[in-house]
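Below: the structure, in structure tokens.
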Amino acid sequence: MATVLTGVGVFGSTSAAVAADEGSACGAVYSAATAYPGGAVVSHHGRNWQAKWWTQAVTPGATSVWQDAGACVGGESDFVVTEEQFAQIFPRRDPFFTYEGLIDAVNAYPAFANTGTPTMRAQEVAAFFAHADFESVGLRYVKEINEANYWIKCDLTQPYGCPAGQSAYYGRGPIMFSWNFNYKAAGDALGIDLLNDPWLVEEDPSIAWQTALWYWNTQNGPGVMTSHQAMVSGAGFGQTINSLNGSLECDGGNPASVQSRVDRYLRITSVLGVFAGSGLTC
């Protein structure tokens with residue numbers, strides 16, 4: 001069943017917004033099969049996009065042919081996971097983690113769950129959700145529980161230090177985003193000053209999802225590829241574990257944690273009705 005969106009503000013979008021009237025009605029949902037003339041307006045992931053020239057089979061946000069015309073209301077979500085499925089996957093989530101915030105955040109990384117076949121797209125979002133389920137205990141926790149460890153996440157060897165305070169860079173959001181160097185790098189990429197105001201990640205749902213998507217789409221971590229690359233190249237779910245935690249879990253580091261992540265991935269792919277694929281462990 002299609003989900004009606006209610007328009008959410010974007011923070012740090014990588015596209016230059018125009019006509020940023022959040023009360024604008026959503027255009028028809030984008031279709032790769034349709035040829036659009038210049039000036040045509042479509043909606044995609046809860047935002048309107050205007051074609052600068054004739055185009056077909058080019059996803060809004062992927063190239064400069066589409067100009068971001070701002071969040072819209074009254075449209076249907078064309079995201080691979082519906083709001084109903086999201087609620088089924090995370091039935092006990094904290095109200096902070098909204099579906100609307102997720103849809104708003106994916107505009108920062110339009111290739112996420114939007115690359116390859118429908119199966120590949122569903123597998124990628126299932127993998128992302130599996131790690132969010134593991135790290136934040138089903139999205140039940142917005143921030144790290146153990147406050148005694150907050151101070152550890154400040155690397156004072158970085159030239160910019162920890163201007164928000166030594167204990168300000170604890171884990172937050174779907175994958176418990178942490179460390180001052182990650183806040184600095186993600187903030188720079190997203191156009192948000194997270195180094196000086198890391199609390200934004202626990203105050204704004206869109207920013208929380210954006211930081212998780214930043215890591216997923218751009219960082220190898222201790223692995224050999226980004227998690228996005230792992231899922232769209234066919235390397236499989238196991239390589240996303242490697243990109244997140246490397247030898248702490250993989251290669252016998254913590255087989256119980258690996259299996260817990262795999263089990264969550266299998267459950268979520270079942271909810272989405274998609275084949276889990278190969279390469280499940282690392």
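Quick notes on this one:
- Flag if residue 196 is closer than 22 Å to residue 240 by Cβ, surrounded by fewer than 18 Cβ atoms within 10 Å (Cβ to Cβ) and among the polar types (S, T, N, Q): no
- Filtering 157, 115 for residues that are of a type in the set (S, T, N, Q), free of Cβ contacts under 8 Å to residues at least 40 places away in the same chain, surrounded by fewer than 23 Cβ atoms within 10 Å (Cβ to Cβ) and in a loop (DSSP other than H, G, I, E, B) leaves a single hit, 157.
- Qualifying residue in region 215-231 (condition: within 20 Å of residue 165 (Cα to Cα) and surrounded by 24 or more Cβ atoms within 10 Å (Cβ to Cβ)): no
- Pairs meeting the criteria (first residue in region 41-69 and more than 19 Å from residue 115 (Cα to Cα), second residue basic (Lys, Arg), beta carbons under 7 Å, at least 6 apart or on different chains) are 67/52; 68/47.
- So residue 203, is it among the acidic types (Asp, Glu), surrounded by 15 or more Cβ atoms within 10 Å (Cβ to Cβ) and without any contact (Cβ under 8 Å) to a residue 40 or more places away in the chain: no
- Residue within region 180-196 that is out of contact with any Leu (no Cβ under 6 Å at 6 or more places or on another chain), over 20 Å from residue 106 (Cα atoms) and outside any loop (DSSP other than H, G, I, E, B) present: yes
- Flag for residue 240 being surrounded by 20 or more Cβ atoms within 10 Å (Cβ to Cβ) and in contact (Cβ under 8 Å) with a residue 24 or more places away in the chain: yes
- Residues in region 86-95 that are touching a helix residue (DSSP H, G or I) at 6+ places or on another chain (Cβ under 6 Å) and either assigned to a loop (DSSP other than H, G, I, E, B) or of a type outside the set (Val, Ile, Thr) (or both) were compared, and the one that is nearest to residue 132 (Cα to Cα) is 86.
- Residue that is modelled with the lowest pLDDT, among those in region 57-81 that are closer than 13 Å to residue 43 by Cβ and assigned to a strand (DSSP E or B): 76
The values are calculated or read from the model by the stated rules, or taken from the named source; none is laboratory data. Being a predicted model, the structure only gives us computed values, none of them experimental. FYI the Cβ positions are ideal-geometry reconstructions off the backbone, even for glycines, and counts take in every protein chain you see.
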